[in-house]
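Enquirer: After the structure tokens below, expect a handful of questions from me.
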Amino acid sequence: MFGDPMKRLQVVILLALIAGFYFIPYTILYNTRGLELFTYWTLLTLATGLLSLLDLKNTSRGG
Amino acid sequence: MSVRIEFLLVFSIYIAIGSALATMSRRFFRGDIRDYYTGGGRLGALLAFGTYAATTYSAFMMVGLVGLTYATGVGALGFELAYLAFTIFFLSTIGYRIWALSRRHNWISPSQMLGEIYGSRLLEPIVSSIYLFAMLPYLAAQIQGLKSIFTYGGLSELESVVISSIIVYAWIIIAGLWSVSITDTYQGFIMLFGGLAYLIWVLLSLIPSTGNSLSNIVSVISESGYLGLTKFWSLQVFLAYTIPWIFFAITNPQVVVRLYIARDESSYKKSITYFFIYGLIYTLIVVVVGLIARGLAEVGFIPRDLPRDSVTPLLLSYMNPLLGSIMAVSIVAAAVSTANSIVLAVSGSLLATIKGGESGELLLARVMDAIIVSLAAIIASANIGYIVDLSVLTSVILLPLAPVTIMGVYLNKKPGPIIRYSTILSIITGVGISTYYALVYGPRRAFLEQIVGLPLSLITLLSASTILLGGYVFEKLYDR
């Protein structure tokens, strides 16, 4: 039914992973007083964005 | 209040350059309906990026997000960056697939896309109606939001609504998506320049003028707990904010339609990269300004309990009038670039439904644009608060389209009747739930309301996804 089951599975797993990382501060960084939380979310977004762009770079039509 | 000459000067220059660019764009416009709504899929990387960035980032950033950060601390950064990360992820995966499919199908609207990939005649008009229902309040909110900025320039409410509506409409009808994308790109740079000027002014002028240093302000923010998760950002509230926004790129028609516009693979990929850089810089600028505003409140320079949307207007009043006017115009640019893209997307969706895509007429498209702008202007000028408030729920109302879009773009054959009907049922159920709670609690309360311990957005998403997956499983069993 779906075009590429592996790709679909990959999308779902990555979605869950990214979402999970954004909620980590609720377990370990919620009470920070310095710039840890600011830095964590910024670096996480940078890493997620760069990985997504890398994946896009290696994707071609039909992929 | 008398008219501020500096504002009129900066605003006139902004309008003159924007109108010249829009007029110039006519040379690229072929005059057919697909070109009017999608630029015929012929845009290069710079325009594809510029129109995406300026459409996505509205006046919410410079006004709403600065205020949200001031009021609630660094949690606002998590919410906004989660949006950016998911958007880049979706644009790199599902978005790319939609772009590739659009080359074959020549879609002009996301409702047309969903109707075609599911092979359902009912789906397209249903989705078009939902766009109209959900986007009109959002559009009215953009126009109404401009009132406070025009007030800074000394213009009356009526003048601001009339002027906003004329700019929004004029830059659409000149050459459709071509004039919109060129003026969007121009406005996107104004927005970024305005944001940077705002930050530099706060750092180099405002903070020293209060007798404080940046390190002093940072330590004050730190001591007051605004660099951690404040009470406001409970897990449920964080979920309520992030869930509708992380799916924004695949639910809101004005951004989905921008997946059809890049002329080739390289342009598409480059535009996503540029957007990521832009989004990250813009978000960080806005959040840092909001945090500094909180610090200034903690040292007693500005009030501690300002309404969120008043923080930027208050800071504007401390600026040199020329700089303040540039800032105000950058906020106008953010609202106009979002508003005209919404009008074009909703009108494209309605036209595709009524006329069946490419057979539509340009005159009809322009009339439809005029009707949509007029409706939004009437709602904004009449201060129909409930409808404008409904804009808070726009992305929640559109959420059921997320699982439908994700599943749809990975289908490699037309689905059977069970999936088709479950798609419609899932959308109607999701939209029904969010609308019901908006009616019962009012839109603003419904947005943060916990229903069986979960935010409305999560309930909406789960309900729609469950029905959709149920239909998929049933069809699989039926096939066997």
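Enquirer: Exactly one condition in (1) farther than 30 Å from B:T312 by Cβ; (2) small (G, A, S); (3) assigned to a helix (DSSP H, G or I) is false for B:A175; which is it?
Expert: (3)
Enquirer: Return yes or no: is B:S349 in contact with a Pro (Cβ under 7 Å, 6 or more places away or on another chain) and of a type outside the set (A, V, I, L, M, F, W, C)?
Expert: Judged against the criteria, B:S349 is a match.
Enquirer: Do we find a residue being under 22 Å from the mean Cα position of the chain (by Cα) and either aliphatic (A, V, I, L, M) or farther than 28 Å from B:A48 by Cα (or both) anywhere in region B:407-424?
Expert: In the first step, residues of region B:407-424 are kept if they are under 22 Å from the mean Cα position of the chain (by Cα); the result is none.
Scanning region B:407-424 turns up no residue that is under 22 Å from the mean Cα position of the chain (by Cα) and either aliphatic (A, V, I, L, M) or farther than 28 Å from B:A48 by Cα (or both).
Enquirer: Right, here's the next one. Pull out all pairs, ordered by first then second residue, where Cβ-Cβ is under 9 Å, the residues are six or more apart or on different chains, the first lies in region B:76-88 and is among the aliphatic types (A, V, I, L, M), and the second is at pLDDT below 95 and not in a helix (DSSP H, G or I).
Expert: Qualifying pairs under 9 Å: B:A76/B:W233.
Enquirer: Looking at B:L235, B:L239, B:L199, which is the one that is without any contact (Cβ under 8 Å) to a residue 24 or more places away in the chain and under 23 Å from A:L43 (Cα atoms)? Spell out the reasoning first.
Expert: Numbers: B:L239 fails: without any contact (Cβ under 8 Å) to a residue 24 or more places away in the chain; B:L199 fails: without any contact (Cβ under 8 Å) to a residue 24 or more places away in the chain.
Selected residue: B:L235, the only one of B:L235, B:L239, B:L199 that is without any contact (Cβ under 8 Å) to a residue 24 or more places away in the chain and under 23 Å from A:L43 (Cα atoms).
Enquirer: Another question about this same structure. State yes or no: is B:R258 surrounded by 24 or more Cβ atoms within 10 Å (Cβ to Cβ), among the basic types (K, R) and more than 11 Å from chain A (Cβ to nearest Cβ)? Explain how you work it out, then say what you get.
Expert: Numbers: surrounded by 24 or more Cβ atoms within 10 Å (Cβ to Cβ): yes; among the basic types (K, R): yes; more than 11 Å from chain A (Cβ to nearest Cβ): yes.
Judged against the criteria, B:R258 is a match.
Enquirer: Return the residue satisfying two criteria in turn: it lies in region B:212-248 and is touching a Pro at 6+ places or on another chain (Cβ under 6 Å) and aliphatic (A, V, I, L, M), and of such residues it is nearest to the other protein chains (Cβ to nearest Cβ). Break it down stepwise before answering.
Expert: The first filter runs over region B:212-248 and keeps only residues touching a Pro at 6+ places or on another chain (Cβ under 6 Å), leaving B:236, B:239-240.
Checking which are aliphatic (A, V, I, L, M) leaves us with B:239-240.
Values: B:L239: 9, B:A240: 13 Å.
Taking the candidates together, the pick is B:L239.
Enquirer: Being outside any helix (DSSP H, G or I) and more than 30 Å from B:S349 (Cα to Cα) is the filter here, so list the residues in region B:219-264 that pass it. Talk me through it step by step, then tell me what you get.
Expert: Quick first cut of region B:219-264, residues outside any helix (DSSP H, G or I) only: B:224-234, B:247, B:252, B:261-264.
Within region B:219-264, B:S224, B:G225, B:Y226, B:L227, B:G228, B:L229, B:T230, B:K231, B:F232, B:W233, B:S234 meet the criteria.
Enquirer: List the pairs whose first member sits in region B:62-73 and is within 15 Å of B:Q142 (Cα to Cα), whose second member is of a type in the set (V, I, T) and buried (at least 24 other Cβ atoms within 10 Å of the Cβ), and whose Cβ atoms are under 6 Å apart, counting only residues at least 6 apart or on separate chains?
Expert: B:M62/B:T312; B:M62/B:I331; B:V63/B:T312; B:L65/B:V286
Enquirer: Given the residues A:G49, A:G34, which is the only one that is part of a helix (DSSP H, G or I) and facing chain B (nearest Cβ under 7 Å)? Working first, answer last.
Expert: Details: A:G34 fails: part of a helix (DSSP H, G or I).
Result: A:G49 is the single residue among A:G49, A:G34 that is part of a helix (DSSP H, G or I) and facing chain B (nearest Cβ under 7 Å).
Enquirer: Give the residue, chosen from B:T87, B:T51, that is facing chain A (nearest Cβ under 10 Å) and of a type in the set (V, I, T). Before the answer, list the steps.
Expert: Values: B:T51 fails: facing chain A (nearest Cβ under 10 Å).
Matching residue, one of B:T87, B:T51: B:T87.
Enquirer: Taking the condition of being more than 14 Å from chain A (Cβ to nearest Cβ) and hydrophobic (A, V, I, L, M, F, W, C), how many residues in region B:405-442 meet it?
Expert: Residues flagged as more than 14 Å from chain A (Cβ to nearest Cβ) and hydrophobic (A, V, I, L, M, F, W, C) within region B:405-442 amount to 9.
Enquirer: Ok, one more. Can you name the residue in region B:6-16 that is among the β-branched types (V, I, T) and touching a residue at least 24 places away in the same chain (Cβ under 8 Å) and, of all such residues, is farthest from B:A333 (Cα to Cα)?
Expert: Residues of region B:6-16 among the β-branched types (V, I, T): B:10, B:13, B:15.
Subsequent filtering for residues that are touching a residue at least 24 places away in the same chain (Cβ under 8 Å) retains B:10, B:15.
Numbers: B:V10: 12, B:I15: 10 Å.
Across region B:6-16, the extreme among qualifying residues is B:V10.
Enquirer: I've got another one for you. Please verify whether region B:455-478 includes one or more residues that are in a loop (DSSP other than H, G, I, E, B), away from every other protein chain (no Cβ under 14 Å) and touching a residue at least 24 places away in the same chain (Cβ under 8 Å). Lay out the reasoning, then the answer.
Expert: Pass one, region B:455-478, residues in a loop (DSSP other than H, G, I, E, B): none.
The answer is no; no qualifying residue exists.
Enquirer: Right, next: Considering only residues of region B:445-454 that are surrounded by fewer than 19 Cβ atoms within 10 Å (Cβ to Cβ) and touching a residue at least 60 places away in the same chain (Cβ under 8 Å), which is nearest to the chain's Cα centre (by Cα)? Walk me through how you get there before you give the answer.
Expert: First pass over region B:445-454, keeping only residues surrounded by fewer than 19 Cβ atoms within 10 Å (Cβ to Cβ): B:445, B:448-454.
In the following step, the residues that additionally are touching a residue at least 60 places away in the same chain (Cβ under 8 Å) were identified as B:448, B:450, B:453-454.
Details: B:L448: 20, B:Q450: 25, B:G453: 28, B:L454: 25 Å.
The extreme case among them is B:L448.
Enquirer: Can you name every residue in region A:1-21 that is at the interface with another protein chain (Cβ under 8 Å from one of its Cβ atoms), at pLDDT below 70 and assigned to a helix (DSSP H, G or I)?
Expert: Across region A:1-21, the qualifying residues are A:K7, A:R8.
Enquirer: Which residue out of A:I24, A:I28 is modelled with pLDDT of 85 or more, out of contact with any strand residue (DSSP E or B) (no Cβ under 7 Å at 6 or more places or on another chain), more than 7 Å from chain B (Cβ to nearest Cβ) and within 30 Å of B:S224 (Cβ to Cβ)? Lay out the reasoning, then the answer.
Expert: Numbers: A:I28 fails: modelled with pLDDT of 85 or more.
Unique residue meeting the criteria: A:I24.
Enquirer: Name, by its number, the condition in (1) aliphatic (A, V, I, L, M); (2) at the interface with chain B (Cβ under 7 Å from one of its Cβ atoms); (3) within 21 Å of B:S267 (Cα to Cα) that does not hold for A:L54.
Expert: With respect to (1) aliphatic (A, V, I, L, M); (2) at the interface with chain B (Cβ under 7 Å from one of its Cβ atoms); (3) within 21 Å of B:S267 (Cα to Cα), A:L54 is out only on (2).
Enquirer: Whether any residue in region B:273-281 is out of contact with any Lys or Arg (no Cβ under 7 Å at 6 or more places or on another chain), assigned to a helix (DSSP H, G or I), surrounded by fewer than 17 Cβ atoms within 10 Å (Cβ to Cβ) and away from every other protein chain (no Cβ under 14 Å) is what I want to check.
Expert: Scanning region B:273-281 turns up no residue that is out of contact with any Lys or Arg (no Cβ under 7 Å at 6 or more places or on another chain), assigned to a helix (DSSP H, G or I), surrounded by fewer than 17 Cβ atoms within 10 Å (Cβ to Cβ) and away from every other protein chain (no Cβ under 14 Å).
Enquirer: Given the structure, is B:D309 outside any helix (DSSP H, G or I) and either in contact with a helix residue (DSSP H, G or I) (Cβ under 8 Å, 6 or more places away or on another chain) or surrounded by fewer than 24 Cβ atoms within 10 Å (Cβ to Cβ) (or both)?
Expert: Values: outside any helix (DSSP H, G or I): no; either in contact with a helix residue (DSSP H, G or I) (Cβ under 8 Å, 6 or more places away or on another chain) or surrounded by fewer than 24 Cβ atoms within 10 Å (Cβ to Cβ) (or both): yes.
Judged against the criteria, B:D309 is not a match.
The values are calculated or read from the model by the stated rules, or taken from the named source; none is laboratory data. It should be emphasised that the depicted structure is a prediction, and the values quoted were computed from it without experimental measurement. Glycine also receives a Cβ, built like all others from the backbone with ideal geometry; neighbour counts cover every protein chain displayed.
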